[in-house]
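Inspection log for the structure reproduced underneath, given as structure tokens.
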Amino acid sequence: MAKRKSPFAHERATDSSGFLLWQVTVLWQRRIAAALRAHELTQVQFALLASLLWLARTEGAITQSTLARHAKLDVMMTSQVLRALEARGLIERRPHPHDTRAKVLRLTKTGRSLAARALPDVEHADDLFFAALDTQRARFNLSLEALIASAQKK
């Protein structure tokens with residue numbers, strides 16, 4: 001009997017970079033979700049709060065599109081999550097000083113406090129998860145940055 005031709009381009013599943021990235025992402029997300037559970041935040045909510053906290057260090061007027069670009073999130077998803085964060089009193093939307101169509105986003109005192117409390121837990125979960133990379137972590141991060149840059153060009 002003739003051997004059936006495989007539809008896969010790879011001999012082993014672990015030869016697929018995409019599949020490996022998927023597996024790592026799922027495992028990492030579980031760790032981060034566990035770290036955020038005590039703070040009653042989803043990963044997307046945390047990513048937006050932490051991004052606002054980060055951008056507020058250097059940006060004057062942070063808009064929804066600026067925040068979405070920074071977090072690499074869809075603008076519509078960002079809008080939905082921001083509505084939920086606003087309803088919880090964690091962010092405020094104010095009129096933009098120069099663009100009447102845009103709103104300026106700002107963490108409330110409660111939002112800033114929650115992000116600051118959650119941040120060490122997330123960073124600790126990251127450190128534990130990526131500890132297996134040891135001295136290769138910086139190189140790994142550079143590889144991830146290269147993938148992001150390449151994907152943004154397309």
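Structure summary
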item: Filter result (of a type outside the set (Gly, Ala, Ser) and within 15 Å of the chain's Cα centre (by Cα)) within the range 44-63; result: VAL44, GLN45, PHE46, LEU48, LEU49, LEU52, LEU53, TRP54, LEU55
item: Qualifying positions in the range 84-94 - exposed (fewer than 14 other Cβ atoms within 10 Å of the Cβ) and at pLDDT 95 or above; result: ALA87, GLY89
item: Qualifying residue in the range 121-130 (condition: surrounded by fewer than 12 Cβ atoms within 10 Å (Cβ to Cβ) and either of a type in the set (D, E, K, R) or over 20 Å from ALA47 (Cβ atoms) (or both)); result: yes
item: Of residues in the range 9-40 being surrounded by 11 or more Cβ atoms within 10 Å (Cβ to Cβ) and modelled with pLDDT under 90, the one farthest from PRO120 (Cα to Cα); result: HIS10
item: Flag if PRO97 is loosely packed, with under 12 Cβ neighbours inside 10 Å and part of a helix (DSSP H, G or I); result: no
item: Residues of the range 88-109 classified as out of contact with any strand residue (DSSP E or B) (no Cβ under 9 Å at 6 or more places or on another chain) and farther than 26 Å from ARG30 by Cα, total; result: 5
item: Residue in the range 57-65 that is surrounded by 11 or more Cβ atoms within 10 Å (Cβ to Cβ), of a type in the set (Val, Ile, Thr) and modelled with pLDDT of 95 or more present; result: no
item: Any hit, the range 109-119, residues being surrounded by 14 or more Cβ atoms within 10 Å (Cβ to Cβ) and either modelled with pLDDT under 95 or outside any helix (DSSP H, G or I) (or both); result: no
item: Residue among PHE140, PHE129 that alone is closer than 23 Å to GLY18 by Cα, more than 14 Å from the chain's Cα centre (by Cα), in contact (Cβ under 8 Å) with a residue 24 or more places away in the chain and assigned to a helix (DSSP H, G or I); result: PHE129
item: Conditions (1) hydroxyl-bearing (Ser, Thr, Tyr); (2) within 20 Å of THR25 (Cα to Cα); (3) buried (at least 16 other Cβ atoms within 10 Å of the Cβ); (4) modelled with pLDDT under 95; number of the one not met by SER51; result: (4)
item: Unmet requirement for LEU41, which otherwise passes all of (1) in contact with a His (Cβ under 7 Å, 6 or more places away or on another chain); (2) more than 25 Å from ALA149 (Cα to Cα); result: (1)
item: Residue match in the range 147-154 (condition: exposed (fewer than 12 other Cβ atoms within 10 Å of the Cβ) and outside any helix (DSSP H, G or I)); result: yes
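The values are calculated or read from the model by the stated rules, or taken from the named source; none is laboratory data. As the structure is a prediction and not an experimental result, all values here were calculated from the model. With ideal geometry, Cβ positions are generated from the backbone for all residues, glycine too; neighbour counts draw on all protein chains shown.
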